Amino acid sequence: MYQMAAVIMLLFFSVLVSLSSTNRADIVTTLGVNYGELGDNLPMQTESVKLIQKLKANWVKLYSANPQILKALQGTNIPVSIMVPNQLISSISSNQTLTDQWVGSNLLPFYPKTKIRHLLVGNEVLSSWVLREDKLIGQNLVPAMRRIKASLKSYKIRNVKVGTPLAVDVLNPTLQPSKAYFRADVAGRIMKQLLEFIESTKSFFFIDAYPFFTWSNNNRTISLDYALFEGGVHQTYKDPKTGLVYTNLLDQMLDSLYFAMKRLGYPNIRTWICETGWPNGGDIDQIGANVYNAATYNRNLVKKLHAKPPVGTPAQPGMIFPTFIFALYNENQKGGPGTERHWGLLYPNGSNVYPVDLSGKTPETVYGPLPKPQNNKPYKGKIWCVVAKGANLTELPSALKEVCMHGNRLCDPIRPGRECYKPVSIVQHASYAFSSYWAQFRGNGGYCFFNGLAVQTTKDPSK
Ligand SMILES: *[C@@H]1O[C@H](CO)[C@@H](O)[C@H](O)[C@H]1NC(C)=O
Ligand SMILES: *[C@@H]1O[C@H](CO)[C@@H](O)[C@H](O)[C@H]1NC(C)=O
Ligand SMILES: *[C@@H]1O[C@H](CO)[C@@H](O)[C@H](O)[C@H]1NC(C)=O
Ligand SMILES: *[C@@H]1O[C@H](CO)[C@@H](O)[C@H](O)[C@H]1NC(C)=O
């Protein structure tokens, strides 16, 4: 019996191996794009779908279930991932009627004509900052995913996978893949439930992985070339425990996730890179965010993902990683540092920030030269935060009032009679307030943006 089983297993296994090796040669790499909508100047949905096709993206991920986009995608053959908003997770987790209603009104009107293939539950729900704001969302996540799955089943929908995109901060901050584990506050029940759900439903671990952030936070220890897949054989990282040799930062991040899952008993779960990319611009105090690096990262990523046979990573050789690049557009209404508004492959007017072909079929020699990077090293001079050119002046008084309510008597010097009162101008006063606010809070989650009213400058505004 025992031997027989082993023979059958062997046979089965070799069939599997030969199947997968023949399939892998002609398998189509999934390389899609994240279609974020946080801009007040973005093209119409139908126009956007045309632009997605022009980029040769073969999948699109949304941060919503925007019916206009789902309608525009009808008949295009482009698979789409839609998202349940974070705010609904807790009510969905405890209410099947509500879940069925959500699926019924967001997915059913378009499915199957629109190829909805993922229902993603929330966005980066297990990140520390999200859990700080909503104590229950973490424990409600997997119950909500189960209800969504049950709902799909009751509608007899079998080809829509349920998942949840998570940021790499679910892992401890280590650069040694073999030493990676899930953050203590999620590693227990939540992560075990999640991995069990993913495995039993044959879904994916959806991870948002940005070498840009890891590199810029470690700009003295990690080389930029290594983060951009340009390190070659001269810049490698050897994991001291496994001896595996890494040639780029993304692989290091992907294998960290692999080892963390393996540690909890799930070495076979597949990873889907739900967001990755490189910013094409940013603030003066940020580094490496420029068109040159963005083009280099994304083009090299495309090349790596389309390689035949698939290269995988050192710990997962040959593995195929379906991937969504972030993002379709530069989105002018995203808060935070300047890079947040500069992840696009396209400008809002629809033209390319730099040429890129996500199908991997355009040889690089066709692309013209890129503008040389100016900010790969930290800016050393002084920086101020002032009212932006073209800022909406009607909004300045209330913004000024709001800023002055923060901080330690931040605005005293611009009160009547004080040293910075003159010249009496709302722009001058606001620039003063923005700069001092930013000087006080920039290490602490404060940015020079103020809803688009402010920008960084190297010119002293008091001169
Ligand atoms: C569940 O959701 C339905 C539909 O929104 C609502 O009518 C019902 O009151 C909810 N049940 C509970 C217990 O909250
Ligand atoms: C460069 O890395 C250091 C830590 O090594 C960090 O403090 C600094 O903020 C980084 N610089 C930039 C511009 O991100
Ligand atoms: C689109 O916008 C970019 C950035 O503002 C600009 O450089 C480019 O010239 C514009 N293209 C067209 C065709 O208007
Ligand atoms: C300026 O802001 C005001 C108040 O928010 C708004 O009503 C107005 O439309 C804005 N003007 C422009 C040109 O955006």
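Read the figures in this text as sums done on the coordinates, not as results from a lab. Predicted, not measured: the structure shown is a model, and the values here were computed from it. Reconstructed Cβ throughout: ideal geometry from the backbone, glycine too, with neighbour counts over all protein chains shown.
Some notes on this structure:
- For the listed peptides 160-172, 356-368, a ranking on the average number of other beta carbons within 10 Å per residue, highest first, reads 160-172, 356-368.
- Nonlocal amide H pairs with Asn290, under 5 Å, H built at 1.01 Å: Gly281
- Only helices enter the 222 nm calculation for the chain: every DSSP H run of n ≥ 4 contributes -39,500 (n - 2.57), and dividing by all residues gives -11000 deg cm²/dmol, rounded to 500.
- Database note for the chain: Cys without another Cys beta carbon under 4.7 angstrom, Cys274, Cys420.
- Relative contact order of segment 26-366, pairs being alpha-carbon contacts under 8 Å that are 6 or more residues apart, as %: 20
- Ser200 versus Ser64: modelled label distance in nm, points set 7 Å from Cα along the beta carbon direction: 3.4
- Each Cα pair under 8 Å and six or more residues apart adds its sequence gap; the mean of these over the residue count of segment 75-132 is a relative contact order of 57 percent.
- Rounded to two decimals, the Cα radius of gyration of segment 292-386 over 2.2 N^0.38 Å is 1.32.
- Taken along the Cα-to-beta-carbon direction at a fixed 7 Å, the label points for Gln333 and Leu88 span 1.9 nm.
- Angle in degrees between helix 426-441 and the longest Cα principal axis of the chain, rounded to the nearest 10: 50
- Couplings 3J(HN,Hα) for segment 388-402, derived from phi with the Karplus relation 6.51 cos²θ - 1.76 cosθ + 1.60 (θ = phi - 60°), are 6, 4, x, 5, 6, 5, 4, 8, 5, x, 6, 5, 4, 4, 4 Hz, where x marks Gly and Pro.
- Peptides 85-94, 273-282, 401-410 ranked from most to least packed, by the mean per-residue count of other Cβ atoms within 10 Å: 273-282, 85-94, 401-410.
- Straight-line cross-link reach from Lys135 at under 13 Å between alpha-carbon atoms covers these aspartates and glutamates, not counting any fewer than eight positions away in the same chain: Asp185.
- For segment 336-348, 3J(HN,Hα) computed residue by residue from phi via the Karplus equation (6.51, -1.76, 1.60; θ = phi - 60°) reads x, x, x, 4, 4, 9, 9, 9, x, 7, 10, 6, x Hz, glycine and proline entered as x.
- Compactness of the chain was expressed as the Cα radius of gyration divided by 2.2 N^0.38 Å, which yields 1.07.
- If R0 is taken as 41 Å, the Cβ-Cβ distance between Glu402 and Lys135 corresponds to a FRET efficiency of 0.90.
- Taking a point 7 Å out from the Cα of Asp40 in the direction of its Cβ, none of the residues of segment 61-76 has a backbone N less than 19 Å from it.
- Pairs from the table (Lys304/Lys380; Lys71/Lys372; Lys161/Lys262; Lys304/Lys372; Lys50/Lys179) lying more than 32 angstrom apart at Cα are Lys304/Lys380; Lys71/Lys372; Lys50/Lys179.
- Of the peptides 139-146, 412-419, the order by per-residue mean of other Cβ atoms within 10 Å, starting with the highest, comes out as 139-146, 412-419.
- Cut-off 14 Å, label 7 Å out along Cα→Cβ of Asn451, residues of segment 387-408 by amide N: 391-404
- Placing unit charges on the Cβ atoms only, positive for Lys and Arg and negative for Asp and Glu, gives segment 43-177 a dipole magnitude near 660 debye about its Cα centre.
- Using 0.36 nm per residue and subtracting the Cα-Cα separation, the extra length available between Ser425 and Thr242 on full extension is 59.6 nm.
- Comparing Tyr246, Leu396, Asn77 along the charge dipole axis of the chain, the residue lying farthest to the positive side is Asn77, per the Cβ-charge model.
- Taking each residue as 0.36 nm, the span from Lys382 to Lys156 lengthens on full extension beyond its C-alpha to C-alpha distance by 75.2 nm.
- Per-residue extension of 0.36 nm, minus the Cα-Cα distance of Lys179 and Asn444, leaves a gain of 92.5 nm for this segment.
- Coupling constants for segment 266-281 follow from the phi torsions by the Karplus curve (6.51 cos²θ - 1.76 cosθ + 1.60, θ = phi - 60°), and in residue order they are 10, x, 9, 6, 8, 9, 10, 7, 7, 9, 7, x, 8, x, 8, x Hz; glycine and proline get x.
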